[in-house]
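FYI, it's all coordinate maths here, none of it is from the lab. Worth saying up front: this structure is predicted, and the values here are computed from it rather than measured. Glycine also receives a Cβ, built like all others from the backbone with ideal geometry; neighbour counts cover every protein chain displayed.
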Amino acid sequence: MSRAEFANLVGIVATAVTFVQIVPQIVRLLRTGRTEGVSPTWAAAGMTLNLGWLAYVVEEQFWVTIPSIGAAVSSFALALHLLHRNGADVRPGLLMGAAVAVASVVIQRAAGWTVLGTVLGLSNGLYLGPSVLAAWRSHAPVGVSPVTWWLTVLEGLKWGFYGVLVESAPIMVYGSTAILLALLVLLRLWVARDRIQAALASGA
């Protein structure tokens, strides 16, 4: 198997992970209606950043990544809708998403696609970072799905490895930052596990 064929195989596996990554969070929002610890900015900015990634990978012809990015855009949009329906204030997230969209266009026009891709990789903090803050600020982040964040760790590992294989620094940056920030959310869930279980048991 050639390096290119192996890279495509890794990309396909990573695509499969990305397809299902946000599904557990959507299921938790539907099942519990609880939004504590879940950041609307995560959903809004995640949707916008993935639209930026879509433009980048089309330009760079990383075709294997397109299905997963399309799934991510749709999943983030659905999560944002459910957060709004369940009473979360989504306006700051929408403003952040709009700002990210404008900034992405300006960066691409001024500096080109490679710079935009690197900025998108570093911009994980713009949507995963608010999730870390929301989880740690919540006394009992009962709305957060741990499965989604374990899948985010796995997604980061797969895409980071794919970036190494195709020699794409932006994709490598994306993978490594996704792993770090997802682990911080999981750490919070572990620290608050007793309060989360108590909140779920009481229904309060």
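Structure notes:
- Average Cα contact separation per residue, the chain, under 8 Å, 6 or more apart, as relative contact order %: 30
- Against the main long axis of the alpha-carbon atoms of the chain, helix 23-32 sits at an angle near 20°.
- For segment 92-97, Karplus couplings with θ = phi - 60° (6.51, -1.76, 1.60), whole Hz, Gly/Pro x: x, x, 5, 5, 4, x
- Residue-span extension gain [Val20 to Ala99] - 0.36 nm each, minus C-alpha spacing: 25.7 nm
- Of the peptides 184-191, 68-75, 41-48, the order by per-residue mean of other Cβ atoms within 10 Å, starting with the highest, comes out as 41-48, 68-75, 184-191.
- Point-charge dipole on Cβ atoms (K/R +1, D/E -1) for the chain, about Cα centre, debye to 20: 600
- Degrees between helix 113-122 axis and first principal axis of the chain (Cα, 0 to 90, nearest 10): 30
- Tilt relative to the chain, helix 3-21 - C-alpha long axis, 0 to 90 degrees, to 10: 20
- Radius of gyration, Dmax [the chain; alpha carbons; angstrom]: 16.8, 55
- Whole-angstrom gap from segment 97-173 to segment 44-89, using each part's C-alpha centre: 11
- Residue ranges 113-126, 21-34 sort as 113-126, 21-34 when ordered by packing (mean number of other C-beta atoms within 10 Å per residue, highest first).
- When each of Ile196, Ile66 is scored by the number of other beta-carbon atoms lying within 10 Å, the sequence from fewest to most is Ile66, Ile196.
- Using θ = phi - 60° and Karplus 6.51 cos²θ - 1.76 cosθ + 1.60, couplings along segment 56-62 (whole Hz; Gly, Pro as x): 5, 6, 5, 4, 8, 6, 8
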